[in-house]
Amino acid sequence: MVHSRVVLASGSRHRVDLLQRLLPEFTTDTPDIDERVGENETADRYVTRLAEEKALAVAERHPDSLIIGSDQACVLRDRILGKPADHEAAVQQLLDSSGRIVTFLTGVCVLNTATGSSQVDVVPFRVRFRRLTRDSVERYLAREPAYDAAGSFHSEGLGIALFERLEGADPTALVGLPLIRLVTMLHEEGVALP
């Protein structure tokens, strides 16, 4: 069954830009959910839960639709890095990442509101950071104040200059919506893509 309505449960311009690569038409609806990490919640479970909750939060407003929910966690040494609270927190996040591998886990959910069925997965992507100094971090944040991003950088912008190596099956997972996995999920729901 081909669904005429696909809804992205997100207000992220990066996710909108990514989904536009696949679909010429879709609706966006920003979910209002609590995004705090639960006590003893693993990063995998956290992103899975948020992807599902985002899809469910907008589902009632979009009957007979496919709802796409997605969320991401930035993990350094088994610790989830959130969005920095301020400039100094951003500097510290980047300095902590210096010379290390940071893993991004992106949860994605496709919820069919007509049938109630859902598909959920987590797609990992790893980034090895260059050795960073306080000066290099300050220069980066002066040019691209990435205070709205977990880990304090935008890989789709100047943040790429902070990396030594990228490792993963789907580079779009790093930006926040794993398109390779999403294509498979949409095919399962009868959405015709190349």
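The values are calculated or read from the model by the stated rules, or taken from the named source; none is laboratory data. The structure presented is a predicted model; accordingly, all values stated were derived computationally and were not measured. Glycine gets a Cβ as well: all are built from the backbone with ideal geometry, and neighbour counts include every protein chain shown. Each accessible area value is taken on the protein alone, full model and side chains, heavy atoms only, with ligands, DNA and RNA left out. Shrake-Rupley method; radii C 1.70, N 1.55, O 1.52, S 1.80 Å.
Normalized C-alpha radius of gyration of region 1-93, against 2.2 N^0.38 Å?
Against the compact-globule rule of thumb, the ratio is 1.25.
Could you list the trypsin sites (Lys or Arg not before Pro) in region 105-144 that lie in coil according to DSSP, counting only those with at most 11 other Cβ atoms within 10 Å of their Cβ?
Within region 105-144, the qualifying trypsin sites (Lys or Arg not before Pro) (loop, at most 11 other Cβ atoms within 10 Å) are 131.
Work out how far the C-alpha atoms of region 137-194 reach from end to end along every principal axis, then list the three figures in whole Å, largest first.
47, 23, 17
If you take all C-alpha pairs in region 57-99, what percent of them are over 13 Å apart?
Pairs farther apart than 13 Å: 67 percent.
Fully extended, how many nm does the chain gain between residue 13 and residue 134 (0.36 nm per residue separation, minus their Cα-Cα distance)?
40.6 nm
I want to verify the translational diffusion coefficient of the chain in µm²/s; compute it with Stokes-Einstein, Rh as the Kirkwood radius over Cα pairs, at 37 °C and 0.692 mPa s.
191
Report the gain in length on full extension from residue 23 to residue 161: 0.36 nm times residue separation, minus Cα-Cα distance, nm rounded to one decimal.
Length difference between fully extended and current span is 46.7 nm.
At 0.36 nm per residue, and after removing the present C-alpha to C-alpha distance, how many nm does the segment from residue 142 to residue 192 gain when stretched out fully?
Full-extension gain reported as 13.7 nm.
So, in nm, how far is label residue 5 from label residue 89 when the simple model puts each one 7 Å beyond its Cα toward the Cβ?
3.7
Given that compact globular proteins tend to follow 2.2 N^0.38 Å, what is the ratio of the alpha-carbon Rg of region 24-63 to that value?
That ratio works out to 1.37.
Any chance you could check the Cα centroid distance between region 98-177 and region 1-68 for me, in angstrom?
When both Cα centres are located, 18 Å separates them.
Roughly what % of DSSP beta bridges within the chain run antiparallel, to the nearest 5?
In the chain, DSSP labels about 85 percent of beta bridges as antiparallel.
Could you order 17, 170 by accessible surface area, starting with the largest, using a probe radius of 1.4 Å?
Result of the area sort, largest leading: 17, 170.
Which value, in Å³ per residue, describes the convex hull spanned by the Cα atoms of region 64-155?
With only Cα atoms used, region 64-155 gives 103 Å³ per residue.
R0 = 22 Å: FRET efficiency of residue 114 with residue 34, Cβ-based, nearest 0.05?
E between residue 114 and residue 34, to the nearest 0.05, is 0.20.
In the chain, which helices (entire DSSP H runs) extend 15 Å or more along their own long axis, judged by Cα positions, while averaging at least -1.0 on the Kyte-Doolittle scale?
Going by DSSP H runs, the hits are 43-59, 87-97.
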